[in-house]
Structure formats: structure tokens, C-alpha cells
Amino acid sequence: MSAVRVAMLGCGTVGAEVVRLLREQADELAARVGAPVELVGVAVRRPHKHPELGELLTTDSSTLVTRDDVDVVVEVIGGIEPARSLLLEALKAGKSVVTANKALLAEDAATLAEAADASGADLYYEAAVAGAIPLLRPLRESLVGDRISRVAGIVNGTTNFILSAMTATGAGYADALEEATRLGYAEADPSADVDGYDAASKAAILASLAFHTRVTSADVYCEGIRNVTAADIAAAREMGCVIKLLAICERIPGADTESVSARVYPAMIPATHPLAAVDGAFNAVFVEAEAAGQLMFYGQGAGGAPTASAVLGDLVAVARNRVLGGRGSRESAYASLPILPIGAVPTRYHVSLDVADRAGVLASIAGEFARHGVSIAAVRQTGDGSTDGSARLVVVTHAAPGEALAATVDRLAGLDAVRGVESVLRVEDLGRKGVTA
Ligand code: NDP
Ligand code: HSE
């Protein structure tokens, strides 16, 4: 059987591990594929940094992806351009594509999928979400006969490391970030992780597959963890909760039509929920489907070798398809469900207020919640006003639309009795099918 010939774009953290595994496991991979898997070219920016690749190296990516002796292109460059143009060239030339590029897929999976459909080539990207964890293939293939109601999880290891450290030690955000940077978990510029953009890209990919609807990163509401304080972590603990940066993709029933919500934010979850036990840089994703019920996927969401494992899995799959002369299963986007704006998404909230401790204050605060149709589930006061006349009031609500809660908080901030709105955090039960009500 003639070899399946592979071109790689990029040979950094992930790419170098892909090359290592391809070389070390060449015989086993050939046996699994039914033909040798041969690396025929590697494009990088700075060839002098990769002496071990010798003759395979090129800086001419564009020529490499359309070469006649290439069957499959593996892209581990990252970013939107030139990755998008190169992959489109490759797909148009009939090459199968394996990519780990979440940013590109979250921005423009539709164009890539159309190009793959037009040429009958494979487009696989398991490594783009949650590194080593097999998650996209289960959504795209194993669960395709079911109806998924929610995909929610921890898909960013850096922020989970920081929040876990804050929870374990009581440290503030800045100290926990410093520790994450020192240990190599956070990058020198951590904004893609701590501001939630990395998780938002992954949420877009997950929502697209789960709900057969094109969702891009621009459709994902995104808040990061910069404003989470040690006091928030302590407040969560008082509630029997922990704070996690969640990516949540939900199917939301409506009167006339269903819609999709995709959002990323730090939220309190019950300490007894399986996601609460996911510590450090690990990822975990909780899937709820009508017939399957609840499923949990857990493992290493990043790192060279774990991510290369997912790339290799895709590479073997597309190589097998080549050998057998077919194409793998595709994603579908037939449902085209509308995206629900964050202001309309119902969630529970934990609102912490610094208030004057005197008669009538609780009534005036409760009145603002009532005026905006936000139902209160619990109220707790700490401090008795004996020292400076103030107390801390915590209000936990039932599920309420984001815009109603925001309007309530605006009004609360203007009340004489409210000295400060200390924090507003979402509370996610993640236990029930569909939306909490
Ligand atoms: P790196 O920055 O470590 O490596 C990028 C590689 O791409 C380098 O070899 C670089 O060349 C090469 N490159 C960059 N621009 C070009 C270009 N224009 N033409 C040719 N080569 C180019 O990235 P990672 O390996 O960390 O990430 C790769 C992809 O995998 C990204 O999409 C990322 O999101 C994704 N991913 C990464 C994970 C991780 O843990 N690192 C986890 C999950 C997904 P040179 O070496 O010469 O500089
Ligand atoms: N920066 C990501 C994380 C890894 O911290 O999980 C790549 O997706």
C-alpha cells in the first residue's frame, strides 16, 4: 500500500510532539492505518531553530500545502492568517486537513467546512478544544443520534489553575496569576486566557457541534476572571460553592422557537458538582443529552504531548479514510438556531451589598428586585451595624434574565442605603436539563 504523505505547518509546542510521535510510532501507525504515514515536509518561520528536521524544512508554506506528493496537511501554526488561506488552498487541492486551531475554527469554520465539502476532503480538529480529551468526535459522531441540551465545562487550564490556587490558599487574583506564570501555566501575556477569549473560541466550536448551528466567537458572551476576588471565593465557600470559569452552551426553549446560548464567565457551582473537583490546569466538560443523560469528559486540556495525541488521532482517522477511499463523518449546521443575547439568558445570581444597617433597608432593596421581576431565593446579613452602622447583605436570586438583574443592580447602586455593590456573581446549578428556571 502506498504511503499517506503528510505536510506539517508549524513545529512548535504541539508540532514538535506530533513529529516525535510520528517517528517513534511509525510501525504501529502504519499497521493501524493500513499504510505507512510519511512526513514529507514541515513549514516553519525560522528553520535554523529546527536542525533535526533537515531536508524536510521549508519556509514556503503555500507551495507545501499544494504539492502533488502531499495527501494530508496538519496545521499547528495557530492564529487566523496565514492559517486560513493555507488550509483553504490545501482543501481546494483535495488534501485532508487536521488542525488544532481553535481561533480559526471559532472565527470561520463555515468557510473551511464548505471548502472541505466542495473537494470531498476531511476536516478534523479534535485538538482545538480541551487538548487530549476526546470530546469533539463524541459530539460529532457518538452523540449525533441524540439531542444535546447542554455542554458546560472548564476548557481553559490557565484560569482553572489560578482559581484553584485562590480557592486552596485564599490568595488574591494577582498573587495566583504570578504563581501560574512562575510555574509556566500562564503566558507572559495572559490576556487570551484570563479574559476568557480562549474559552470563548472553544465554546463557539462546542455549541456549533452540539446544536448543529454555526456559532462563532463573536456570538459568545465573554467575561474573564480578572475581577474575581478572594472575597468572592470566600462568599462562594459560604454558599457551599466554588468559582470556576465556565464555558456554557445551552439549547434554550422558547415560545415559538428554540435558541442557543453560548457564554463564558466565572460562576459559582455547587462544591458537590463533578466539575467543582476539577483542580489545577485540568479541563473537564459535562454534556447533557436527552437520551444519554449526563456525561463527563476529563483530562489534560493543553501541553505538547496531550494535544499531539488528539492531532495523531485525527491524522490516523483521515489517513484511514484515504486508504479506504472515503471520507469521514462531517458536522452539520442545518438547524441554524438563533443566538440568544446574554441579557435574555436566565441565570441565578449572588449579589453582595454593603448596606446601612437600619429599619426599612431590606424592604427597599427587596422592592428593587421585585420591581424588575427578579425573584429572591435567599437573603443573608452579616455584621450588625454596631461599629460603623453598616452590614453586608447577600441576596441570592432565582433564575432571572441578565438584563433584569443588571437593571436591578443599577438601581440598587443608586439607593441611599446601599454603600456599595461589592460583587455580582452568577450561580449555575448545572444539574438540570435545559435552563434553570
Ligand atoms: P507554537 O507557537 O509553539 O508553535 C507555532 C509554530 O508555527 C512554530 O513552529 C512556528 O515556527 C510556526 N509558524 C508560525 N507562523 C508561521 C508561518 N507563518 N508559517 C510557517 N510556520 C509558522 O504554537 P503551539 O504549538 O503552542 O500551538 C499550535 C496550535 O495548537 C495553535 O492553534 C494552538 O491554539 C493549538 N493548541 C495548542 C495547545 C498547547 O498546549 N500549546 C493546546 C491546544 C491547542 P517557528 O518554530 O519557526 O517559530
Ligand atoms: N491556553 C490554553 C489553556 C491551552 O490554558 O487551557 C490551549 O488551549
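The values are calculated or read from the model by the stated rules, or taken from the named source; none is laboratory data. None of the values given here were measured: they were computed from a predicted structure. All Cβ positions, even for glycine, are placed from backbone atoms using ideal geometry, and neighbour counts span all protein chains on display.
Descriptive notes on the structure:
- Extreme residue, surrounded by the most Cβ atoms within 10 Å (Cβ to Cβ), among residues of the range 206-230 that are within 16 Å of ligand 2 (Cβ to nearest atom) and under 22 Å from Leu135 (Cα atoms): Leu206
- Take the conditions (1) closer than 26 Å to Ala230 by Cβ; (2) surrounded by 14 or more Cβ atoms within 10 Å (Cβ to Cβ); Ala400 misses just one of them, which is (1).
- Scanning the range 134-173 for residues that are within 29 Å of Glu290 (Cα to Cα), among the polar types (S, T, N, Q) and assigned to a helix (DSSP H, G or I) turns up Ser142, Asn160.
- Matching option when the condition is away from ligand 2 (no atom under 16 Å from the Cβ), of a type in the set (A, V, I, L, M), more than 12 Å from the chain's Cα centre (by Cα) and at pLDDT 95 or above, among Ile133, Ile162, Ile148: Ile148
- Restricting attention to the range 174-205, the residues that are within 11 Å of ligand 2 (Cβ to nearest atom), part of a helix (DSSP H, G or I) and over 17 Å from Cys222 (Cβ atoms) add up to 1.
- Counting only strands (runs of 3 or more DSSP E) that sit completely within the range 223-336, those holding 3 or more residues that are under 24 Å from Thr181 (Cα atoms) and not polar (S, T, N, Q) correspond to 241-252, 259-270.
- Extreme residue, nearest to Glu141 (Cα to Cα), among residues of the range 86-128 that are within 16 Å of ligand 2 (Cβ to nearest atom) and in a loop (DSSP other than H, G, I, E, B): Tyr125
- Conditions (1) under 29 Å from Gly402 (Cα atoms); (2) surrounded by fewer than 20 Cβ atoms within 10 Å (Cβ to Cβ); number of the one not met by Ala359: (1)
- Long-range neighbours under 9 Å by Cβ, at least six apart or interchain, first residue farther than 15 Å from Ala308 by Cα and of a type in the set (Lys, Arg) within the range 93-104, second in a strand (DSSP E or B) and more than 10 Å from ligand 2 (Cβ to nearest atom): Lys95/Ala7; Lys95/Val72; Lys95/Val73
- Residue check for Leu275: more than 16 Å from ligand 2 (Cβ to nearest atom) and not polar (S, T, N, Q): no
Here's the yes/no breakdown for (1) in contact with a Lys or Arg (Cβ under 9 Å, 6 or more places away or on another chain); (2) outside the structural domain of Ala400 (by TED's automatic domain parsing):
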position: Ala262; (1), (2): no, yes
position: Pro266; (1), (2): yes, yes
position: Thr272; (1), (2): no, yes
position: Ala291; (1), (2): yes, yes
position: Ala319; (1), (2): yes, yes
position: Leu337; (1), (2): yes, yes
position: Tyr349; (1), (2): yes, no
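- Scanning the range 73-124 for residues that are closer than 21 Å to Leu22 by Cα and of a type in the set (Lys, Arg) yields a single hit, Lys95.
- The combined condition, being surrounded by fewer than 19 Cβ atoms within 10 Å (Cβ to Cβ) and not β-branched (Val, Ile, Thr), is not fulfilled by Glu17.
- Enumerated helices (runs of 4 or more DSSP H) restricted to the range 1-75, each holding at least 3 residues that are of a type outside the set (Ser, Thr, Tyr) and in the same structural domain as Leu315 (by TED's automatic domain parsing): 13-24, 26-33
- Scanning the range 53-85 for residues that are out of contact with any Leu (no Cβ under 7 Å at 6 or more places or on another chain), away from ligand 2 (no atom under 16 Å from the Cβ) and more than 22 Å from Val316 (Cβ to Cβ) returns Gly54, Glu55, Leu57, Thr59, Asp60, Thr63, Thr66, Asp68, Glu81, Pro82, Ser85.
- Neighbours by Cβ (under 7 Å, 6+ apart or cross-chain): first from the range 3-18, touching a residue at least 12 places away in the same chain (Cβ under 8 Å) and acidic (Asp, Glu); second outside any strand (DSSP E or B) and within 11 Å of ligand 1 (Cβ to nearest atom): Glu17/Gly304; Glu17/Ala305; Glu17/Ala308
- Residue in the range 10-29 that is more than 10 Å from ligand 1 (Cβ to nearest atom), more than 20 Å from Ala113 (Cα to Cα) and polar (S, T, N, Q) present: yes
- Hits in the range 289-332 (condition: within 16 Å of the chain's Cα centre (by Cα), in contact (Cβ under 8 Å) with a residue 24 or more places away in the chain and away from ligand 2 (no atom under 13 Å from the Cβ)): Phe297, Tyr298
- Ala192, sole failed condition from (1) among the hydrophobic types (A, V, I, L, M, F, W, C); (2) more than 24 Å from Ala100 (Cα to Cα); (3) within 12 Å of ligand 1 (Cβ to nearest atom): (2)
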